[in-house]
Every structure is written in structure tokens, then in C-alpha cells.
Protein chains: 2
Amino acid sequence: MTKKAVFYHAGCPVCVEAEQSIAHALDHARYDVEVVHLGERKDRIKDAETAGVKSVPALVLDGLPFHINFGAALEALK
Amino acid sequence: MTKKAVFYHAGCPVCVEAEQSIAHALDHARYDVEVVHLGERKDRIKDAETAGVKSVPALVLDGLPFHINFGAALEALK
């Protein structure tokens, strides 16, 4: 059974680099990886916040938030 | 051919969580993942610095540094 991974970003260069490296490097046989652009999907900001995401890019893996480098604060996307 | 991934940590709780989640979630068929404890391997701090690592936990993927959450500054490990 695959586990859930959600990669939150905002289209920034730091975000794109993290997506192309880390999100793509995950084992897609074990993880169902969803990529969410919070600039375009403001309705998903609440989900990200609930998972503990403070900034993007961030990866929520099995419900745990991991902030990867720093692109933008979640507050700046509202 | 597998690519190189190096996960640098210092044994801190934030590091352990990131290792057990992100380092383990990488596709080991495509990435040769090395885990380096910089507290025990001070001789590897220079490698981490050269790759652009500023704090741990960090993952260097294809030569690019990704800082994951924040455990400790590299400077504090010297």
C-alpha cells in the first residue's frame, strides 16, 4: 500500500529546485506523491497549515511536515 | 546507474525524524543513500560545507544541498 506524500510549493525557484530533486527522488512505488501549488490552490492552504507547514517548499510525509530550504512563508501566500 | 544522496545529521531528534522519513522515502533503486553523523565524523564536515550545507539535517542530492527543518548549525558541530 502506498503512503501519502504532499509537496507544497508556490512556484518559486527554490520550490522548483526542491520539487525536481526531492519530490522526484522519492520512491513512487511506496509513496503517492501529490504536488500542490499553494499560489494557485489557496483552498489548500488550510490543509498545509493543519499539517504544520509554515513555509514552502515543504513536504508532508506520513503526516509529518518537513520544510526544505526556504522559499516563502505560508502567511505571504494568503 | 544510481545517483548519490548524502544525508547529514548530528543525532538530534529533528535529524532522526528527517532521516526516518525523508532519507528512507527516497528511491533506493535510483539513489545510493549515505547517512553521515557529523558529530561522529568531524572529518566529513568539510565535505558538507563544500556542498553548501549550513545546518543539519540536510540532504545533498546530486550535489545540491537541501536543508530539512532545523536541528543544529554546522558551525555548532565543529
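The values are calculated or read from the model by the stated rules, or taken from the named source; none is laboratory data. Just so it is clear, the model here is predicted, and its values are computed rather than measured. Areas reflect the complete protein model, heavy atoms only, side chains present, ligands, DNA and RNA absent. Shrake-Rupley method; radii C 1.70, N 1.55, O 1.52, S 1.80 Å.
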| request: Using only Cα atoms, figure out Rg for chain A and give it as a multiple of 2.2 N^0.38 Å. | output: 0.99
| query | Within the accessible area of chain B, what % is carbon and sulfur when the probe is 1.4 Å and the other protein chains stay in place? | reply | 54
| Overall dimensions of the protein assembly as shown by Cα: Rg and Dmax, Å | 15.0, 47
| request: Please work out how much accessible surface A:Phe70 shows to a 1.4 Å probe, ignoring ligands, DNA and RNA, in Å² rounded to 10. | output: 130
| said: Quick one: 3J(HN,Hα) in Hz for the range B:7-15, Karplus 6.51/-1.76/1.60 with θ = phi - 60°, rounded, Gly and Pro as x. | reply: 9, 9, 8, 9, x, 6, x, 4, 5
| query | Which whole-Hz couplings ³J(HN,Hα) result when phi for each residue of the range A:65-78 is put into the Karplus expression 6.51 cos²θ - 1.76 cosθ + 1.60, θ = phi - 60°, listed in order with x for Gly and Pro? | reply | x, 10, 8, 10, 6, 8, x, 7, 6, 4, 4, 6, 9, 6
| task | Using amide H atoms built 1.01 Å from N in the peptide plane, name the residues 5+ places from A:Ser55, or on other chains, whose amide H lies under 5 Å from its own. | result | A:Leu74
| query | Interface B/A, total buried accessible area with a 1.4 Å probe, nearest 100 Å²? | reply | 1500
| query | Which whole-number percent is the relative contact order of chain B (Cα, under 8 Å, 6+ apart)? | reply | 38
| note | Once the in-chain neighbours fewer than 8 apart are removed, the lysines whose Cα is under 23 Å from B:Lys46 read B:Lys3, B:Lys4, B:Lys54, B:Lys78
| said: With θ taken as phi - 60° and the coefficients 6.51, -1.76 and 1.60, list the Karplus ³J(HN,Hα) couplings across the range B:33-44 in order, rounded to whole Hz; mark glycine and proline as x. | reply: 9, 9, 10, 10, 8, 6, x, 9, 10, 4, 5, 9
| query | For chain A, what is the percent of antiparallel DSSP beta bridges, rounded to the nearest 5? | reply | 60
| Over the protein assembly as shown, what is the percentage of antiparallel beta bridges among all DSSP beta bridges, to the nearest 5? | 60
| field | Accessible area per residue, Å², the range B:24-76 with all protein chains present, probe 1.4 Å | value | 49
| task | Note every residue of the range B:40-78 with a reduction of at least 20 square angstrom in accessible area, all protein chains present versus the isolated chain, computed with a 1.4 Å probe, or write none. | result | B:Leu61, B:Leu64, B:Phe66, B:His67, B:Ile68, B:Asn69
